[in-house]
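Structure first, then comments.
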Ligand SMILES: CC(C)(COP(=O)(O)OP(=O)(O)OC[C@H]1O[C@@H](n2cnc3c(N)ncnc32)[C@H](O)[C@@H]1OP(=O)(O)O)[C@@H](O)C(=O)NCCC(=O)NCCS
């Protein structure tokens, strides 16, 4: 399934996206604040990763999308939702190529995927976490309608350091009521 937003098309990943993914995710500044992107991003990693995603998508273990721009078809990044075993909740993750940062793209796709989780997938809650040293992702989560729920000290190891995590989440009821004065 595809999702359209004002400026962006979210569509399934294709093997032909591998070179764009390698170039964009291969930037150390993109990899540094994610839990799983390796660095250096060697030849073949993107193809292997796309194939593994397709397997998980087919098994119902992942919903993910290439983020592309209507205006020129460029691939800007990737966004994914990992459903829990009961499929009632999902963990959101995303990255955007550095060239495209600070233009509202991550916020636009995060909000669209959260909406997809609630309206099309029947989920009740979406959650996400970012490293405390990555406040830009916290802004994305806030602007997309998520609420700060907690903090985990030194919870995740990344490149030999234990990273503090900020936890965000939003229920369907909270998301649908966002913007109203009396949110639940
Ligand atoms: C985090 C990331 C996805 C943001 O993507 P983006 O498309 O630039 O996000 P948006 O433009 O929608 O919003 C970015 C917000 O962060 C703010 N911001 C940027 N740098 C910031 C910083 N150092 N401190 C605080 N806020 C910052 C921007 O001003 C903007 O907020 P505003 O609209 O209130 O001004 C992107 O930087 C990225 O891919 N980083 C590497 C991978 C990553 O960290 N993924 C998320 C893992 S949890």
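Read the figures in this text as sums done on the coordinates, not as results from a lab. Just so it is clear, the structure is predicted and the values come from calculations on it, not from any experiment. When we count neighbours, we look across all protein chains shown, and the Cβ atoms used for this are built from the backbone with ideal geometry, even at glycine.
Is any residue of the range 110-153 close enough, with backbone N under 19 Å, to a label point placed 7 angstrom from the Cα of residue 87 along the Cα-Cβ axis, and if so, which? Output list for this probe position: 113-127.
Expressed as a whole percent, the proportion of Cα-Cα pairs in the chain lying more than 26 Å apart is 28%.
The length gained by stretching the chain between residue 119 and residue 47 to full extension, at 0.36 nm per residue less their Cα-Cα distance, is 22.8 nm.
Arranged from fewest to most other beta-carbon atoms within 10 Å of their beta carbon, 113, 57, 30 become 57, 30, 113.
So, by mean Cβ neighbours within 10 angstrom, what's the order for 142-149, 93-100, 79-86 with the highest one leading?
Values: 142-149: 17.1, 93-100: 18.6, 79-86: 15.6.
Descending mean neighbour count gives 93-100, 142-149, 79-86.
Cβ crowding within 10 Å ranks 49, 101, 159 as 159, 101, 49, fewest other Cβ atoms first.
Summed over qualifying helices (DSSP H, 4 residues or more, each -39500 (n - 2.57)) and divided by its residue number, the chain shows a 222 nm mean residue ellipticity of -8500 deg cm²/dmol.
Quick check for you: which residues of the range 1-40 have the amide N under 17 Å from the point 7 Å beyond the Cα of residue 58 toward its beta carbon? Output list for this probe position: 1, 12-16.
Taking all Cα pairs closer than 8 Å and separated by 6 or more residues, the relative contact order of the range 114-183 comes to 34 percent.
In this simple spin-label approximation, residue 36 and residue 2 carry label points 7 Å from Cα along the Cα→Cβ vector, and these lie 2.5 nm apart.
If you take the alpha carbon atoms of the range 41-145 and fit the smallest convex hull around them, that volume is 128 Å³ per residue.
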